[in-house]
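Worksheet: one structure, shown below.
Every read-out reported here was derived from the displayed coordinates using simple, explicitly stated rules and does not represent laboratory data. What you see is a predicted model; the values in this text were computed from it and never measured. A quick note on method: Cβ atoms are made from the backbone with ideal geometry, for glycine too, and the neighbour counts reach across all protein chains shown.
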Amino acid sequence: MNTEFIFKYLPLYEKAAVLTLRIGVEGIIIAILLGIICALIQYGKVPIIRRIVSVYIELSRNTPLLVQLFFIYYGLPKIGISTNAEVCGAIGLGFLGGSYMAEAIRSGLETIEPIQAESALSLGLKPAQVMRYVILPQAVSVSMPAFMANIIFLLKETSVFSAISLMDLMFTAKDLIGLYYKTTESLFMLVVFYLIILLPVSLLGRFIERRLRYAGFGT
Amino acid sequence: MGEELLKIEGLVKSYDGHTVLDGIDLTVHSGEVLVIIGPSGCGKSTLLRCINGLEPIHGGKITLSGEEIRNGSKNLPTLRQKIGMVFQSYELFPHLTVLDNITLAPLKVQKRTKAEAEEEALKLLERVGLKDKAKQYPRQLSGGQKQRVAIVRALCMHPEVMLFDEVTAALDPEMVREVLDVMLDLAKQGRTMIIVTHEMQFAEAVADRVIFIDKGNIIEEGKPKEFFNSPKTERAAQFLNIFEFESVKD
Amino acid sequence: MPDLGLDVLFKGKNMMRLLGGLGTALKISLTAVLLSIPLGILLGILMVRKELVIRAITRLYLEFIRIMPQLVLLFIVFFGSARAFGSDISGELSSVIVFTLWGTAEMGDLVRGAIISIPKHQYESSEALGLTSAQTYFYIIIPQTVRRLIPLSVNLITRMIKTTSLVLMIGVVEVTKVAQQIIEANRMTSPNAAFGVFLTVFLLYFIACWPLSLLARYLERKWG
């Protein structure tokens, strides 16, 4: 392995990793917000909108991110909705992740017995306060393992961003392989950088899961 | 006895076409301790849930100091502050400490200051012998302790009337007493209470008035002594007999 | 009504070509799943063995495959193979290899989970009957795990079908690549083709995956 090559192109990978992470985080934030909204709509059984949400969830879960991105990036401009590649990446990731987050939160919400809400109501809390102070905090901690798994899944999905010509890690690796034929070095750095991004999140997820499983509230 | 506090007129409630409460008329005066007894499924718990606006009703009217309680109405949160409710299954919030469980509603609903709410919470906890548990989480408490915390949580809102829905039914026998003692103490303080219970001796000791409900109707009502010693109706007599039979077996 | 570029789909053999592309994607995922099932069962059994080395190796394999984006794995096999063996392997073969490696890992973990969830006395009682450990697995453990595995495998198939969209990045001509070709070829006559064609690809994937998702959900409820 040519270490000189690795050090020479390290900054390129760093830049790419920052881009990958930035869009990844933006997309994940969109996904969480979208997921909470969709989960609340389904949990609250809001008429009509609830149907739209289920259609969205099925569409999002049963199609690949790459195709979603192509449609947003190349298809939508044809009917006058243009985005730049970075915004497209974040929106696409958010569109994909929203449904996964919604399912995670909804299954958390469903584990909270309705009588918990009633006991909060009986204290005079308004429905929104019941949600905010009693239901959501419990649901979120129940959904935490699924939540972390989704975050890892979404960070992995960022690897397709190069398809809409974002200069992410995949793009950089492919570029270097094409230009200099340094396949081993390029792939090695690719793996290392993905490990740097994903390993801490994965370990954190496991830590949280263990804590929740063996401890729960009160330790 | 004080003035009229809670008034129920012609209350009808049904689930899927099955009538659970069939025209209940009931008035509770301020300072009164009312005990409701009856066989399981007679509608007594549903009655409490209706009083707290947790169930939509299908006829009649419930008013607290003249204000109507109706499921779904705008002023319900305000009215509920005046009605404390304690559930059979405690329903403490597992993600909050004992102290936070008690002060959540005073802080968020009544907008009281943290220092003042906590001070009162600790005073009440001390009264029920749980001051040292303030910083613990519900899962670290026994059933009887949880239920005492639940009572304190309701009390801290300064309710005008307290509803107790079979609060000892889920407890191990040795913990029943500690909860009942707290309730007796509250009765002595002159609190208005509506209690649904299966503890007959306790009922006799605590009640100013007993009502017996069966199949959604009030069958009999009276002073505890008269009711328990010489019930006027056949059905109440039968129910009390069955009950003694069961308690002998226990 | 604006031009949505839907007319391109009905020109010549375009629709058939798209379906052909989807066929390639389905072929890759199906082959990989069929290979993954036996290999995954084998891996799962290896993962619960007592030998520390075997457990460490299988664990490492599982963790690496799981944490790496599938596209990175595709790159490693596709670009790396030329380097390592001096000979190119085709994009399609690379895809099958990667999907099988991935499917084996996922399936292996499912099998492992299923095996350890079977109560210990099941093993003991079959040993008491004089069955060898191979026989125990074959007659007692595997039949019990299969029921739990089927819905999860169906789910895995849908995930694989979705992931086949990535193989265009290593030059395999599947549905998304065909879509790009069609859009390119009709750039002059139908400038808005990108909307209609990508929408169609989107729906094609949905039509391929949705019934499987529903089936998996149904089986999970029935057997879960």
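Mean separation of Cα pairs under 8 Å and 6+ residues apart, divided by the residue count of segment A:3-214: what relative contact order is that in percent? Relative contact order for segment A:3-214 comes out at 28 percent.
Apply 1/(1 + (r/R0)^6) to the Cβ-Cβ distance of residue B:140 and residue A:207, taking R0 = 25 Å, and write down the FRET efficiency to the nearest 0.05.
For residue B:140 and residue A:207, the calculated efficiency is 0.65.
Our summary gives chain B a relative contact order of 25 percent, counting only alpha carbon pairs under 8 angstrom and 6 or more residues apart. Each part gets one Cα centre, and for segment B:169-212 versus segment B:39-100 those centres are 19 Å apart. Please report the antiparallel percentage of the DSSP beta bridges confined to chain B, to the nearest 5. Percentage antiparallel, nearest 5: 55. Among C:112, C:187, C:148, the largest mean-square fluctuation in a Gaussian network model of chain C, built with springs joining Cα atoms closer than 10 Å, belongs to C:187. Couplings for segment A:78-89, taken from phi via the Karplus curve 6.51 cos²θ - 1.76 cosθ + 1.60 with θ = phi - 60°, read 5, 10, x, 10, 9, 9, 7, 4, 5, 4, 4, x Hz in order; Gly and Pro are left as x. Residues in segment C:95-111 carry Karplus couplings, in order, of 4, 4, 4, 4, 5, 6, 4, 5, x, 4, 4, 4, 5, x, 5, 5, 5 Hz; the curve used is 6.51 cos²θ - 1.76 cosθ + 1.60 with θ = phi - 60°, and Gly or Pro positions show x.
Over segment B:68-177, Cα pairs under 8 Å with separation of 6+ residues give a relative contact order of 43 percent. Between residue B:233 and residue B:215, what length in nm is gained on full extension when 0.36 nm per residue of separation is reduced by their alpha carbon distance? Computed gain between residue B:233 and residue B:215 is 5.0 nm. Separation of segment A:104-166 and segment C:135-194, taken as the distance between their Cα centroids, equals 29 angstrom.
Once a ≥ b ≥ c are taken as the square roots of the eigenvalues of the Cα gyration tensor of chain B, is the result rounded (a/c under 1.5), prolate (a/b larger than b/c) or oblate (a/b not larger than b/c)? Oblate, since a/c reaches 1.5 and b/c is not below a/b.
For segment B:154-192, the residues whose backbone nitrogen is under 17 Å from a point 7 Å from the Cα of residue B:30, taken along Cα to Cβ, are B:158-162, B:189-192.
For B:27, B:103, B:113, what ranking results if the residue with the fewest other Cβ atoms within 10 Å of its Cβ goes first?
B:113, B:27, B:103
Here r is the Cβ-Cβ distance between residue C:90 and residue C:146 and R0 is 30 Å; the resulting FRET efficiency, rounded to 0.05, is 0.35.
Label positions at residue B:9 and residue B:172, each projected 7 Å from the Cα along the C-beta direction, are separated by 4.9 nm. Here the label points at residue A:18 and residue B:111, each 7 Å from Cα along the C-beta direction, are separated by 4.7 nm in the simple model. Excluding residues on the same chain fewer than 8 positions from residue B:123, give the lysines whose Cα lies under 29 Å from its Cα. Counting by Cα, and skipping residues close in sequence, residue B:123 has these lysines nearby: A:126, B:82, B:108, B:111, B:114, B:131, B:133, B:135, B:146, B:188.
With bins 5 Å wide beginning at 0, the percent of Cα pairs of segment C:7-223 falling in each bin runs 1, 7, 12, 14, 15, 14, 11, 9, 6, 4, 3, 2, 1, 1, 0, 0.
Among B:74, B:44, the ranking by other beta carbons within 10 Å of each residue's beta carbon, starting with the fewest, stands as B:74, B:44.
The mean number of Cβ atoms from other chains found within 10 Å of a Cβ in peptide C:189-199 is 4, as a whole number. Gain on full extension, evaluated as 0.36 nm per residue between residue C:135 and residue C:184 minus their Cα-Cα distance, stands at 11.8 nm.
For a test of the definition: using alpha carbon positions, the gyration tensor, and the 1.5 limit on a/c, classify segment A:3-214 as rounded, prolate or oblate. Because a/c hits 1.5 or more and a/b fails to exceed b/c, segment A:3-214 counts as oblate.
Which percent, nearest 5, of DSSP beta bridges in the protein assembly as shown are antiparallel? So the antiparallel bridges in the protein assembly as shown amount to around 55 percent. Evaluating 6.51 cos²θ - 1.76 cosθ + 1.60 at θ = phi - 60° for every residue in segment B:78-84, the Karplus couplings come out as 5, 5, 5, 4, 8, 10, x Hz, glycine and proline recorded as x. Taking label positions 7 Å along the Cα-Cβ direction at both residue B:126 and residue C:16, the computed distance is 9.0 nm, reported to one decimal.
Kindly provide the pair-distance distribution of the protein assembly as shown built from C-alpha pairs, with 10 Å bins from 0 and whole-percent values in order of increasing distance. For the protein assembly as shown, the pair-distance distribution reads 3, 12, 18, 18, 14, 14, 11, 7, 3, 0, 0. A helix-only calculation puts chain A at -25500 deg cm²/dmol for mean residue ellipticity at 222 nm, using -39500 (n - 2.57) for each DSSP H run of at least four residues, averaged over all residues.
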